[in-house]
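Right, one structure below, let's go through it.
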Amino acid sequence: MSALPAVPPIKPLGCWRDDSSGVAAARLLPVLLVGGPVPMTQQRCARLAQLRGYPIFGLQFFSECWAGWDLARAQSLGPATCDKPCTADARQTCGGDWANTLFSF
């Protein structure tokens, strides 16, 4: 069994608003990698994004992990407040209400 490749260093990009219309296609990071109440950290979301080839990822509302390719789109609605602790490490921030704690590789 081969080991997983190391996760490259992640670059924090701040907190950015997401589309709150409820239409999945309108999400600014359009790919949901993990949703629901699961143990989540910034590193776990980074690993999921890396394994699927996404250069940009974000965490939202405690444990959702989202990904995409378009940084300009991910930041298009402007800055927001991210104040939700990650479910598996409360010292880390995992987004906010309709807001992504955004990272890139």
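The values are calculated or read from the model by the stated rules, or taken from the named source; none is laboratory data. Here the structure is a predicted model, which means the values were calculated and not measured. Using ideal geometry, Cβ is built from the backbone for each residue, glycine included, and neighbour counts are taken over all protein chains shown. Keep in mind that these areas ignore ligands, DNA and RNA; they rest on the heavy atoms of the full protein, side chains included. Shrake-Rupley method; radii C 1.70, N 1.55, O 1.52, S 1.80 Å.
If you place +1 on the Cβ of every Lys and Arg and -1 on the Cβ of every Asp and Glu, how big does the dipole about the Cα centre of the stretch 39-100 come out, in debye to the nearest 20?
Working: 6 positive and 5 negative charges, 43 e Å.
Computed charge dipole of the stretch 39-100: roughly 200 debye.
Using only DSSP helix segments of four residues or longer, with each worth -39500 (n - 2.57), what per-residue ellipticity at 222 nm results for the chain after dividing by its residue count and rounding to 500?
-3500 deg cm²/dmol
What percent do you get for the relative contact order of the stretch 3-83 when only Cα pairs under 8 Å and 6+ apart count?
About 38 percent, as a whole number.
Ignoring ligands, DNA and RNA, what percent of the accessible area of the chain is carbon or sulfur (1.4 Å)?
Using a 1.4 Å probe with all protein chains present, the chain comes out at 60 percent carbon and sulfur.
Suppose the chain between Arg91 and Ser20 were pulled fully straight at 0.36 nm per residue; how much longer would it get relative to their current alpha carbon spacing?
22.9 nm
Taking 0.36 nm per residue of sequence separation and subtracting the Cα-Cα distance, how much length would be gained by fully extending the chain between Leu32 and Thr81, in nm to one decimal?
Stretched fully, the Leu32-Thr81 segment lengthens by 15.6 nm.
Taking amide H positions as placed 1.01 Å from N in the peptide plane, with prolines and chain starts having none, which residues 5 or more places from Val31, or on another chain, fall under 5 Å of its amide H?
Ala67
Taking the Cβ of Phe62 as the center, what net charge do the other residues with Cβ under 12 Å away carry, scoring Lys and Arg +1 and Asp and Glu -1?
Spelling it out: positives minus negatives among the neighbours equals -3.
How big is D, in µm² s⁻¹, for the chain by Stokes-Einstein at 37 °C and 0.692 mPa s if Rh is the Kirkwood radius over C-alpha pairs?
Here the translational diffusion coefficient equals 246 µm²/s.
Provide the per-residue ³J(HN,Hα) series for the stretch 67-81, in order, calculated from phi with Karplus coefficients 6.51, -1.76, 1.60 and θ = phi - 60°, each as a whole number of Hz, with x at glycine and proline positions.
Using θ = phi - 60°, the values come out as 8, x, 10, 9, 5, 4, 5, 4, 9, 5, 8, x, x, 9, 10 Hz.
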